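To start, the structure under review is shown below, and the notes come after it.
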Amino acid sequence: MSYQSLFGGDILSADQFTKDNLSEIFATARKMKKLVLTKGSSDLLKGKIMTALFYEPSSRTFGSFITSMQRLGGGFIPIQGVAYSSVSKGESLGDTVRTFGSYSDIIVIRHSEVGAAKIAAEFSEKPVINAGDGVGEHPTQALLDIFTIYDSIGKIDGLTITMVGDLLNGRTIHSLSRLLTLYRNIHIHLVSPDLLRLPRELAKLLRERGIILDERESLDEVLFDTDVLYVTRVQKERFTDLTSYEKLKHKYIISTHTLEMMKKKSIVMHPFPRVGEIDLDVDLDHRAVYIREQMKNGMYVRMALLAMVLHKKA
Ligand code: NCD
């Protein structure tokens, strides 16, 4: 297989992908899954090094990128918590990125500011992957989310997706909704408190690109036709006023009662971490794919992306 479509490029926004890219990513992710389940690892990226430069906390994104590189035989420089790097001495993003670009072949960056990954890419000679830029985007999460939907339901066209929680600050929502515009006949129910509605420009853009979008505060009324319930946490770190965070954090709690109102063939997703939005009993339901499938797919998809960006197979 040729991996040329993403070779040597950056991954900055969900908007950069075409349907063809997605087919190639899905096919490669399936191969990676098979590789992990049969042999565990390979030496496809032997001699390649990835810098994981994380200015914000992370468990899954950081952990899955690191293990993806290891499973493909590559090495990594883990910078988790830049307090221990020269960033804490006041070094600029540009200098930091150029430094790690001189040691490694790819930079995966998470940062608290919107647009930081794009700025990093402008400074960097090496490909940059956006692992979350503040309240902006999280394109690799969107890819693993869409892969999970496709794998669980068998199609994306025609689905009704309900996104619930902090739609204003949730970057996984921002990227996933953009990616969904590549598909036909998509209906999105947006469910959030008024204060945490999806950014207006994004809602406008989704409608312009053909998504059928509606917005409301009540979840129950849209559960009956929901194929994918995508739950998010209220993003405490984005609040200046913690009293409103406390008021809103548990406005929506998914319970087995919620599932009773949903179709038998629907799925429940969450990018994690969850902080009380989904009851633990829900984990036992066959529709809960957030641990069984979604997390593992994060590794398969990130293995695929690293292979496709770093390895040009003729
Ligand atoms: C998300 C993130 O960092 O945006 N987590 C993740 O990468 N899986 C979601 C979140 O923090 O709520």
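All of the numbers you see were taken from the coordinates with simple rules; none came from a lab. Note that the structure is a prediction, hence the values are computed from the model and not measured. Virtual Cβ from ideal backbone geometry, glycine too; neighbours counted across all protein chains shown.
Could you tell me, in Å, what Rg and Dmax come out for the Cα atoms of the chain?
Every Cα atom of the chain included, Rg and Dmax give 19.1, 56 Å.
Rank 75, 41, 28 by how far each Cα sits towards the positive end of the charge dipole of the range 1-78 (+1 on Lys, Arg Cβ; -1 on Asp, Glu Cβ) and give me just the farthest.
Of 75, 41, 28, it is 41.
If we count other beta carbons within 10 Å of each Cβ, what is the order of 160, 99, 18, fewest first?
Ascending Cβ contact count within 10 Å gives the list 18, 99, 160.
Just to confirm the number: angle between the C-alpha axis of helix 139-153 and the first principal axis of the chain, 0 to 90 degrees, nearest 10?
Tilt of helix 139-153: around 50 degrees.
If each Cα of the range 91-245 is one equal point scatterer, what is log10 of I(q)/I(0) from the Debye formula at q = 0.14, 0.16, 0.19 Å⁻¹?
Each listed q maps to, in turn, -0.75, -0.92, -1.14.
Extending each Cα 7 Å along its Cβ direction at residue 82 and residue 46, get the distance between those two points in nm, one decimal.
Computed distance between label sites residue 82 and residue 46 equals 3.5 nm.
Could you give the length gained by full extension between residue 242 and residue 217, i.e. 0.36 nm per residue of separation minus their alpha carbon distance, to one decimal place?
Using 0.36 nm per residue and subtracting the Cα-Cα distance, I get 6.9 nm.
Using only C-alpha atoms and all pairs of different ones, pull out the Kirkwood radius for the range 1-59 in Å with one decimal.
Final number for the Kirkwood radius of the range 1-59 is 14.1 Å.
Which of the lysines could a cross-linker span from residue 236 if the Cα-Cα distance has to be under 19 Å and same-chain partners fewer than 8 positions apart are dropped?
247, 249, 251
What do you get for the angle between helix 93-103 and the principal long axis of the chain? Use alpha-carbon atoms, 0 to 90 degrees, nearest ten.
It is inclined by approximately 50 degrees.
Roughly how many debye, to the nearest 20, is the charge dipole of the chain about its Cα centre, given +1 on each Lys and Arg Cβ, -1 on each Asp and Glu Cβ, and no other charges?
1100 debye
So how do 60, 207, 110 line up by other beta-carbon neighbours within 10 Å, fewest first?
207, 60, 110
Going through the cross-link list 155/264; 48/126; 126/296; 48/296, which pairs have a Cα-Cα distance over 20 Å in this structure?
126/296; 48/296
Going highest first, how would you order 33-42, 299-308, 68-77 by mean Cβ packing within 10 Å?
299-308, 68-77, 33-42
Along the range 166-180, what does the Karplus equation 6.51 cos²θ - 1.76 cosθ + 1.60 (θ = phi - 60°) give for ³J(HN,Hα), rounded to whole Hz, x for Gly and Pro?
8, 7, 6, 9, x, 6, 5, 5, 4, 6, 5, 5, 5, 5, 5
Of 272, 7, 100, how do they rank once you tally other Cβ atoms within 10 Å and put the fewest first?
Starting with the residue having the fewest Cβ neighbours, the order is 7, 272, 100.
Calculate the FRET efficiency for residue 194 and residue 102 from the Cβ-Cβ distance with a Förster distance of 41 Å, rounded to the nearest 0.05.
0.30
With runs of 4+ DSSP H residues as the only contributors, calculate the mean residue ellipticity of the chain at 222 nm using -39,500 (n - 2.57) per run, divided by the residue total and rounded to the nearest 500.
Roughly -11000 deg cm²/dmol at 222 nm, from the helical runs in the chain.
Run the quick spin-label model on residue 20 and residue 157: label points 7 Å from Cα toward the beta carbon, then report their separation in nm to one decimal.
Between residue 20 and residue 157, the simple spin-label model gives 1.9 nm.
Under a crude label model (7 Å from the Cα following the beta-carbon direction), how far is residue 122 from residue 225 in nanometres?
Result for the modelled spin labels: 4.4 nm.
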